[in-house]
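Everything below concerns the one structure shown next.
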Amino acid sequence: MSYARALRCRKCGQEYPIQPINLCDFCLSPLEVIYDYKAMAKELSREKLAGGPLSMWRYRDMLPVEGKEVDIGTGFTPLVKAENLGRELGLDELYIKNDCLNPTYSFKDRPVSVAVTKAQEFGFDTVACASTGNLAASVAAHAIKANMKAYVFVPSSVESGKLVGIAIYNPTLVTVNGSYDDVNRLCGRLAERYNWGFININLRPYYAEGSKTLGYEVVEQLGWHAPDCVVYPAGSGLSFTRIWKGLDELAMLGLIESVNTHMYLVQAAGSSPIVNAFQAGSLHVNPVEPDTIAKSIAIGNPADGYYALKVARESRGGACAVTDDELIAGMKLLAQTEGIFAEATGGAVIAALKKLAASGTIKKNELTVAFITGAGPRTQEIVSDLVQPFTVKPSLESFEEVLGAQV
Ligand SMILES: [Zn+2]
C-alpha cells in the first residue's frame with residue numbers, strides 16, 4: 001500500500017484524488033502528491049530502510065505507488081569522497097553523487113520508474129514524453145520493461161549519441177524542428193488529444209516524486225546526515241525542488257535530526273532564466289531563448305523555476321551560471337581528478353562548484369555534495385579535442401623513438 005493521500009495544488013491548496021492530472025482546475029498551478037506522514041512515520045525506521053533492496057525501491061514506502069514497480073535496477077548509485085577534486089578546489093569534505101550509473105546513464109531513471117509504474121496502475125497502454133534526450137531514453141527503456149508502447153519527442157538538435165541511446169529501445173522516436181520549449185508545447189497539445197500517460201505532463205506529480213530518492217540516498221550514504229551544501233543542475237528546476245522535499249521529509253519523519261542544507265542550483269549562462277531571477281532578487285522567471293551545449297538543461301521557460309527559486313532562497317543557498325567554456329573545463333577537471341566522465345551538465349556543476357568554493361560561498365569544511373546527473377559518452381564530441389594519441393609502429397624501437405624521452 002501507499003501513504004499517498006491525494007494531489008494538492010501548490011498555490012491554492014485545492015485537493016484532488018490520485019489520478020493522471022497535473023494542473024489545478026481553479027488556478028492552473030502544478031499539483032503535488034501529499035502523504036499521510038503520521039502513518040508513514042509509524043512504519044519507517046532507519047533499520048527497516050537499510051534492509052531494503054539496493055535500489056531506489058528501498059524507499060518505496062515514501063513514493064506514491066500501489067502496484068508492482070517497473071524496476072530496471074535504478075538507484076543506490078555511488079557517493080564518492082572526492083579527495084583529488086576537493087584538494088584542487090580547497091574543499092575538505094567534498095562528495096560526488098555519481099548518478100550516471102543508472103541503467104540508462106542518467107538520474108531520469110528515478111522519476112521515470114515511478115511515473116511508468118503509475119502509468120501501469122492507471123491502465124495506460126502507451127507512455128510518452130517531451131525530452132532533451134536523457135528522459136526519452138529512460139522512458140523508452142521502462143516502456144520495454146513494462147510491455148508498453150512509447151512515443152518520445154525530442155528537439156532535432158539533440159546530440160547523435162543521445163539519439164542512439166533512445167533508438168536502441170525501439171520507441172516511436174519523433175524529432176521536432178524547434179527548441180525543447182517548442183517540443184513541450186506540442187506535447188501539451190498531444191496530451192489533450194491522445195489517451196497516453198505523458199510522463200512529464202499528466203503524470204508529472206508522480207514523476208516528480210522519484211527524484212526525492214536522490215536526497216534520501218545521499219543522507220543514508222552519509223550515515224543519516226544531511227549535507228551542508230548541495231550543488232545541483234536545473235533545467236525545469238523540478239528535481240532540484242524534490243531533493244529539498246526529500247531532505248525535509250526525512251526530518252519530518254524523524255529519520256534525521258534536522259536539515260540545514262544550503263541548496264545551490266546551476267544553469268548554463270546561455271540558458272539561465274532561474275539564475276537571472278535569483279540575481280535580480282525576483283521571484284518571477286522571465287523565459288529566455290536557450291543557447292548552450294549543455295542541452296540537458298537548455299530549457300528557456302522552466303516549469304518549476306518559481307519553486308526552484310524559493311528553495312534556493314529558503315535554504316539560504318544560491319544560483320550560479322557558467323559559460324560553455326567553463327563547463328567544458330569542468331568536464332575535464334572532474335574526469336582528470338576523480339575518473340568520472342560526466343555529460344556537459346555535470347561539467348556545469350563542477351564549474352559552478354569551483355566558483356562557489358573560490359568565492360568562499362561554500363566553505364572549506366562544509367560537507368558538500370555535487371550531483372552528476374548524466375553520463376559523458378552521450379555528449380563526447382564536446383571534448384573530442386582531447387584525443388591526441390601517440391602513434392607508433394608495432395616495435396619496441398618505434399615506441400622508444402616516440403616516447404623514450406618521457407618514460
Ligand atoms: Zn489551485
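The values are calculated or read from the model by the stated rules, or taken from the named source; none is laboratory data. Small disclaimer: the values here were computed from a predicted structure and weren't measured. We place every Cβ from the backbone using ideal geometry, glycine too, and count neighbours over all the protein chains shown. Surface areas here come from the heavy atoms of the whole protein model, side chains and all, with no ligands, DNA or RNA. Shrake-Rupley method; radii C 1.70, N 1.55, O 1.52, S 1.80 Å.
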Ignoring ligands, DNA and RNA, please state the percent of accessible area on segment 101-207 from carbon and sulfur, probe 1.4 Å.
48
Set Lys68/Lys118; Lys81/Lys354; Lys81/Lys310 screened for pairs whose C-alpha atoms are more than 19 Å apart:
Lys81/Lys310
Where only protein heavy atoms count, and the probe is 1.4 Å, what is the accessible area per residue for segment 263-333 in Å²?
39
Considering only DSSP beta bridges where both residues belong to the chain, give the percentage that are antiparallel (nearest 5).
30
Radius 15 Å from Cβ of Phe390, net charge of other residues (Lys, Arg +1; Asp, Glu -1):
-2
Helix 238-252: angle to the longest alpha-carbon principal axis of the chain, degrees 0 to 90, nearest 10?
70
Would you please put 12-22, 299-309, 68-78, 133-143 in order of how densely packed they are, using the mean number of other Cβ atoms within 10 angstrom per residue and starting with the highest?
133-143, 299-309, 68-78, 12-22
Taking only Cα atoms and a 10 Å spring cutoff, compute GNM fluctuations for the chain and point out the largest among Trp57, Trp224, Trp244.
Trp224
Using a 1.4 Å probe, what is the accessible area per residue for segment 161-258, in Å²?
36
Where Rh denotes the Kirkwood radius from the mean inverse Cα pair distance, what is Rg over Rh for the chain?
0.98
Which residue fluctuates the most in the chain, going by a Gaussian network model with Cα springs under 10 Å, if the choices are Thr104, Thr261, Thr361?
Thr361
What does the C-alpha gyration tensor say about the overall shape of segment 229-386? Classify as rounded when a/c is under 1.5, otherwise prolate if a/b is larger than b/c, or oblate.
oblate
Taking the highest mean first, how do the peptides 373-380, 276-283, 233-240, 352-359 order by number of other beta carbon atoms within 10 angstrom per residue?
233-240, 373-380, 352-359, 276-283
Relative contact order [Cα under 8 Å, 6+ residues apart], segment 88-246, whole percent:
23
Calculated from DSSP helices alone, with each H run of at least 4 adding -39500 (n - 2.57) and the total divided by the residues of the chain, [θ]222 nm to the nearest 500 comes to -11000 deg cm²/dmol
Using the Karplus curve 6.51 cos²θ - 1.76 cosθ + 1.60 with θ = phi - 60°, work out ³J(HN,Hα) for each residue of segment 273-285 in order, rounded to whole Hz, and write x for Gly and Pro.
x, 6, 4, 4, 5, 4, 5, 7, x, 10, 9, 9, 9
Contact order relative to length for the chain, counting C-alpha pairs under 8 Å separated by 6 or more residues, stands in percent at 16
Skipping prolines and chain starts, which residues have an amide H placed within reach, meaning under 5 Å, of the one on Val176, given they are 5 or more residues away or on another chain?
Val154, Ser156
For segment 54-59, in order, what is each residue's ³J(HN,Hα) by Karplus, 6.51 cos²θ - 1.76 cosθ + 1.60 with θ = phi - 60°, in whole Hz (x at glycine and Pro)?
7, 8, 4, 6, 5, 9
In terms of solvent-accessible area of protein heavy atoms at a 1.4 angstrom probe, what is the ranking of His284, His225, His262, highest value first?
His284, His225, His262
Quick one: which residues, 5+ away or cross-chain, put their amide H under 5 Å from the amide H of Leu367? H built at 1.01 Å from N.
Asp228, Cys229
Ranking Phe26, Phe107, Phe198 from most to least accessible area with a 1.4 Å probe gives Phe26, Phe107, Phe198
Within the under-9-Å Cβ sphere about Lys364, not counting Lys364, Lys/Arg +1 and Asp/Glu -1 give a net charge of -2
Just the projected area, averaged over all directions, of the convex hull on the alpha carbon atoms of segment 137-211: how many nm²?
5.2
